[in-house]
Amino acid sequence: MASKMIFINLPVADLEHSKGFYEGLGWKVKQDFTGDNAACVVIDDNIYLMLLDVPFFATFTSRPVADTTAATGSVYALTMGSAQEVDELIEAALNAGAAEEIDENKRAQERAVGMYGRAFVDLDGHHWELFWMNHSWS
């Protein structure tokens with residue numbers, strides 16, 4: 001069976017600004033799938049972001065586009081190879097303009113089961129959870 005790929009489609013207010021933000025995380029924009037109203041960002045070989053300006057994003061649904069700066073519609077969780085990688089990507093996100101999302105209760109629960117995680121909210125209010133799982137506890 002062929003491996004799966006995931007494309008996460010995100011509405012963005014300012015396409016150029018959002019592209020710069022994700023490039024600041026070390027992720028690459030794939031020019032073959034990038035234009036005036038959309039950009040493809042490669043996270044890894046199987047995970048891609050499609051940044052779509054809000055009017056273009058709205059053409060993909062008959063439902064209203066959520067205001068992610070006012071409410072959380074989704075949380076995008078991404079595993080990292082180590083706790084250090086979590087911290088490095090969080091720092092890159094903060095340096096690129098993100099806000100850190102802190103939930104001390106959740107962090108305490110993660111530590112209890114051998115996980116380490118931190119979260120940020122991007123320029124458009126999209127909530128990202130970065131985490132590392134210590135597999136030695138299982």
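The values are calculated or read from the model by the stated rules, or taken from the named source; none is laboratory data. The structure presented is a predicted model; accordingly, all values stated were derived computationally and were not measured. In this analysis, Cβ positions are derived from the backbone assuming ideal geometry, glycine residues included, and neighbour counts consider all displayed protein chains.
Within the range 104-129, the set of residues being within 18 Å of Leu94 (Cβ to Cβ) and of a type in the set (Gly, Ala, Ser) comprises Gly117, Ala119, Gly125.
For Ala99, the stated conditions hold: it is closer than 19 Å to Leu10 by Cβ, modelled with pLDDT of 90 or more and aliphatic (A, V, I, L, M). Could you grab me the full set of residues in the range 96-116 that are of a type in the set (A, V, I, L, M), surrounded by fewer than 15 Cβ atoms within 10 Å (Cβ to Cβ) and assigned to a loop (DSSP other than H, G, I, E, B)? Of everything in the range 96-116, those that are of a type in the set (A, V, I, L, M), surrounded by fewer than 15 Cβ atoms within 10 Å (Cβ to Cβ) and assigned to a loop (DSSP other than H, G, I, E, B) turn out to be Ile102, Val113. What about Leu94, is it at pLDDT 95 or above, out of contact with any Asp or Glu (no Cβ under 9 Å at 6 or more places or on another chain) and either farther than 24 Å from Val12 by Cα or not assigned by TED's automatic domain parsing to the domain that holds Glu23 (or both)? So Leu94 fails the test. Please work out if Leu78 is under 22 Å from Ala13 (Cα atoms) and touching a Phe, Trp or Tyr at 6+ places or on another chain (Cβ under 9 Å). No: the conditions fail for Leu78. Residues in the range 19-29 that are touching a residue at least 60 places away in the same chain (Cβ under 8 Å) and assigned to a loop (DSSP other than H, G, I, E, B): 2 in all. Taking residues in the range 46-74 that are closer than 22 Å to Ala99 by Cβ and loosely packed, with under 12 Cβ neighbours inside 10 Å, and partners anywhere that are modelled with pLDDT of 95 or more and among the charged types (D, E, K, R), the pairs with Cβ atoms closer than 9 Å and at least 6 places apart or on different chains are Thr69/Asp124. The set of residues in the range 30-50 that are part of a strand (DSSP E or B) and under 20 Å from Lys4 (Cα atoms) comprises Lys30, Cys40, Val41, Val42, Ile43, Asp44, Ile47, Tyr48, Leu49, Met50.
Pairing residues of the range 108-127 that are not assigned by TED's automatic domain parsing to the domain that holds Val12 with residues that are at pLDDT below 85 and in a loop (DSSP other than H, G, I, E, B), at Cβ distances under 6 Å and at least 6 apart in sequence or on separate chains, gives Gly114/Asn134. Reported count of residues in the range 33-81, each being under 12 Å from the mean Cα position of the chain (by Cα) and small (Gly, Ala, Ser), is 2. Report yes if some residue within the range 9-21 is aliphatic (A, V, I, L, M) and surrounded by fewer than 14 Cβ atoms within 10 Å (Cβ to Cβ); otherwise report no. Scanning the range 9-21, I find at least one residue that is aliphatic (A, V, I, L, M) and surrounded by fewer than 14 Cβ atoms within 10 Å (Cβ to Cβ), so the answer is yes.
Could we say that Ala93 is in contact (Cβ under 8 Å) with a residue 60 or more places away in the chain, of a type in the set (Gly, Ala, Ser) and under 15 Å from Asp124 (Cα atoms) here? So Ala93 fits the description; yes.
Inspect all residues belonging to the range 78-87 and state whether any of them is touching a Lys or Arg at 6+ places or on another chain (Cβ under 8 Å) and either at pLDDT below 95 or not in a strand (DSSP E or B) (or both). Yes, the range 78-87 contains a residue that is touching a Lys or Arg at 6+ places or on another chain (Cβ under 8 Å) and either at pLDDT below 95 or not in a strand (DSSP E or B) (or both).
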